[in-house]
Amino acid sequence: MKLKERLFVLFLSCILCVSLSGCGEAVKTTSSSAAQTTSSTQSAVSTVLSEGETVRSNASSQALSPFEQKFSQNPIDADYQADSKKALSMVDMVALADRYSEIWLNEETAAYDFLLEKSSENDKEAVKKEQEDWVNQKSQDLSQIQTQTSSMGNMANLEYSSRTLSYYKNKTKALYEKIYQIDPNFSYHYAGKGAAVG
């Protein structure tokens, strides 16, 4: 297996681990050598790839709610998947995760503004309070992710960037779930590649 293929397989496995472990949880790696890591990574990736397409994990393969269906088709994930095929090195993968973390953060801000605008007067204060609490907690959460990933050797930067991406995506998803209850036909702020973000 070529180095580029190994890096891509490792990258996919990291993304899988992050999505399966949930935001803010440590992923424990028990492999003690590069050969074991590559072997276990190939095994993990082989379970999630089918003819080049990612297959949902058992937990998410159950019937999706209408909101989950809509969110699973968001343009950010579509562009991320396309761009991840071009990431040929660890540096590329970290840069990609960092770029999409920023995109998800911009989307979170836009979703919050939209939710606030669409909420009833009675709900506006609760929406503001929840957002304020999240903003105040964000630095501590990201610091915790940094601590959890710092001992992961060569994978530390990629793991941190991937978990940060998931952190922002999960927060954005929670906002859009509330928006969906108000307006099931909402549109995402991010319109796709080539569109202005922010």
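The values are calculated or read from the model by the stated rules, or taken from the named source; none is laboratory data. A quick note: this is a predicted structure, and the numbers were derived from the prediction, not measured. Here the Cβ positions follow ideal geometry from the backbone for every residue, glycine too, while neighbour counts run over all protein chains shown. Side chains are part of the model used for accessible areas, which takes the heavy atoms of the whole protein and leaves out ligands, DNA and RNA. Shrake-Rupley method; radii C 1.70, N 1.55, O 1.52, S 1.80 Å.
Name the residues in the range 179-189 that are crowded, with 16+ Cβ neighbours inside 10 Å and part of a helix (DSSP H, G or I), would you? Of everything in the range 179-189, those that are crowded, with 16+ Cβ neighbours inside 10 Å and part of a helix (DSSP H, G or I) turn out to be Ile179, Tyr180.
For the range 63-77, the tally of residues that are open to solvent by 30 Å² or more (accessible area, probe 1.4 Å) and either without any contact (Cβ under 8 Å) to a residue 40 or more places away in the chain or within 12 Å of the chain's Cα centre (by Cα) (or both) stands at 8. The selection criterion, being assigned to a helix (DSSP H, G or I), over 19 Å from Gln181 (Cβ atoms) and in contact with a Gly (Cβ under 6 Å, 6 or more places away or on another chain), holds for Asn106. Can you pull out every residue in the range 71-103 that is part of a helix (DSSP H, G or I) and polar (S, T, N, Q)? Listed by number, the residues that qualify are Ser72, Gln81, Ser84, Ser101.
The residues of the range 138-173 that are under 21 Å from Thr109 (Cα atoms) and aromatic (Phe, Trp, Tyr), listed by number, are Tyr167, Tyr168. On the basis of being open to solvent by 40 Å² or more (accessible area, probe 1.4 Å) and outside any helix (DSSP H, G or I), does Ser151 make the cut? When the stated conditions are applied, Ser151 passes them.
Within the range 140-198, the set of residues being of a type in the set (Gly, Ala, Ser), under 23 Å from Asp79 (Cβ atoms) and without any contact (Cβ under 8 Å) to a residue 40 or more places away in the chain comprises Ala174, Ser187, Gly194, Ala195, Ala196. Name the single residue that is nearest to Asn157 (Cα to Cα) among those in the range 79-94 being surrounded by 14 or more Cβ atoms within 10 Å (Cβ to Cβ) and of a type outside the set (Ser, Thr, Tyr). That would be Val94.
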